[in-house]
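The values are calculated or read from the model by the stated rules, or taken from the named source; none is laboratory data. Please read all numbers here as calculations on a predicted model, not as lab measurements. Positions of Cβ are generated from backbone atoms using ideal geometry, with glycine treated the same way; all protein chains shown enter the neighbour counts.
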């Protein structure tokens, strides 16, 4: 199981290193994210606290962790189509950069991603989540 304080430190590094990312929020459930995002603006990273699944046998077992990252920005329901596409483009570039950072960490054998399963990475568009935010989600196992 991943140490939550160390995972939060990784998210803090992402906030510093990824241009255009305003803040991050480590959450357990949807309502937790809604509460954290209430007064926020700009592009936000919402990271779901990783779950852990034990595999192997007694004496030779290990945890596989899964998480979902959301890179989102507050939606403007009256925005023109081009503005909405621009919003998806901006958040897409950031989620791709975060995926690259995670993959590079895995290639270098760095914590916490040394057991990243590249085939587990799924990126999906998100619309009107957490009370009116658009962007992208990335689910992955590590």
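One residue is enough: does segment 14-37 have a residue meeting the conditions in a strand (DSSP E or B), closer than 14 Å to residue 129 by Cβ and touching a helix residue (DSSP H, G or I) at 6+ places or on another chain (Cβ under 9 Å)?
Yes, because at least one residue in segment 14-37 is in a strand (DSSP E or B), closer than 14 Å to residue 129 by Cβ and touching a helix residue (DSSP H, G or I) at 6+ places or on another chain (Cβ under 9 Å).
Would you confirm, using the coordinates I've provided, whether residue 76 is surrounded by fewer than 17 Cβ atoms within 10 Å (Cβ to Cβ), farther than 20 Å from residue 19 by Cβ and in contact with a helix residue (DSSP H, G or I) (Cβ under 9 Å, 6 or more places away or on another chain)?
On the way: surrounded by fewer than 17 Cβ atoms within 10 Å (Cβ to Cβ): yes; farther than 20 Å from residue 19 by Cβ: yes; in contact with a helix residue (DSSP H, G or I) (Cβ under 9 Å, 6 or more places away or on another chain): yes.
So residue 76 fits the description; yes.
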Kindly indicate the residue of segment 91-127 that is touching a strand residue (DSSP E or B) at 6+ places or on another chain (Cβ under 7 Å), exposed (fewer than 14 other Cβ atoms within 10 Å of the Cβ) and over 22 Å from residue 54 (Cα atoms) and also modelled with the lowest pLDDT among those meeting that condition.
127
Could you give me the residue pairs with C-beta distances under 6 Å whose first residue belongs to segment 35-58 and is within 17 Å of residue 23 (Cβ to Cβ), whose second residue is exposed (fewer than 11 other Cβ atoms within 10 Å of the Cβ) wherever it lies, and which are 6+ apart or on separate chains?
49/28
Residues of segment 38-53 being part of a strand (DSSP E or B) and crowded, with 19+ Cβ neighbours inside 10 Å, in sequence order, are 43, 44, 45, 46, 47, 48
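Please determine whether any residue of segment 54-64 is under 25 Å from residue 97 (Cα atoms) and assigned to a strand (DSSP E or B). Working first, answer last.
Our first condition is that a residue be under 25 Å from residue 97 (Cα atoms); within segment 54-64, this holds for 64.
Imposing the further condition that a residue be assigned to a strand (DSSP E or B) reduces the set to 64.
For segment 54-64, residues under 25 Å from residue 97 (Cα atoms) and assigned to a strand (DSSP E or B): present.
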Within segment 69-102, can you find the residues that are within 21 Å of the chain's Cα centre (by Cα) and outside any helix (DSSP H, G or I)?
69, 70, 71, 72, 73, 74, 75
Working only within segment 60-85, note down all residues that are without any contact (Cβ under 8 Å) to a residue 12 or more places away in the chain and within 13 Å of residue 136 (Cα to Cα).
85
Just one of the numbered conditions (1) surrounded by 15 or more Cβ atoms within 10 Å (Cβ to Cβ); (2) more than 25 Å from residue 119 (Cα to Cα) is not true of residue 35; which one?
(1)
